[in-house]
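Q: Dumping the structure here so I can ask a few things about it.
The values are calculated or read from the model by the stated rules, or taken from the named source; none is laboratory data. Keep in mind it's a predicted model, so treat the numbers as computed, not measured. So basically every Cβ, Gly included, is an ideal-geometry build from the backbone, and we count neighbours across all protein chains shown.
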Amino acid sequence: MPFSPLIWDSFQALPSDAEAASVSHYCLYSLATLELARRPGTADFAFVEQQNPQVWRWAVVSSDGFLIDTGFEPTQAYAKKAVERALHLEIA
């Protein structure tokens with residue numbers, strides 16, 4: 001199955017209060033930097049957030065609410081690439 005590119009949304013752009021509340025549960029640093037991407041065809045999602053200027057946290061969360069994978073990268077772009085790699089490994 002080919003992997004679809006992820007579409008990232010800011011926390012502020014989430015369409016519902018329920019979804020925002022669910023996602024904010026996982027945020028450890030700043031909702032202002034939190035971005036979310038949904039895995040197509042599932043209820044899984046991934047997010048990135050800035051811990052400090054040189055550290056971005058990323059994570060993949062299952063539909064059951066468990067952290068599937070998580071890590072830290074030096075930039076937001078690298079954190080998003082790490083999410084994509086983690087999702088590719090989950091699909092494989």
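Q: I'd like the residue in the range 47-66 that is part of a loop (DSSP other than H, G, I, E, B) and not acidic (Asp, Glu) and, out of all such residues, is nearest to the chain's Cα centre (by Cα).
A: Here is the first cut: in the range 47-66, the residues part of a loop (DSSP other than H, G, I, E, B) are 53-54, 62-66.
Those left that are additionally not acidic (Asp, Glu): 53-54, 62-63, 65-66.
Numbers: Pro53: 18, Gln54: 18, Ser62: 11, Ser63: 13, Gly65: 12, Phe66: 13 Å.
Ranking the candidates gives Ser62 first.
Q: Of all the residues that make up the range 22-43, how many are of a type in the set (Gly, Ala, Ser), surrounded by 14 or more Cβ atoms within 10 Å (Cβ to Cβ) and at pLDDT 90 or above? Can you show your working first?
A: Taking the range 22-43 first, the residues of a type in the set (Gly, Ala, Ser) are 22, 24, 30, 32, 37, 41, 43.
Checking which are surrounded by 14 or more Cβ atoms within 10 Å (Cβ to Cβ) leaves us with 22, 37.
Restricting the remaining residues to those that are at pLDDT 90 or above gives 37.
So the answer is 1.
Q: Could I ask something else about it? Considering (1) part of a loop (DSSP other than H, G, I, E, B); (2) in contact with a helix residue (DSSP H, G or I) (Cβ under 9 Å, 6 or more places away or on another chain), say which one Leu28 fails and leave the rest.
A: If we test Leu28 against (1) part of a loop (DSSP other than H, G, I, E, B); (2) in contact with a helix residue (DSSP H, G or I) (Cβ under 9 Å, 6 or more places away or on another chain), just (2) comes out false.
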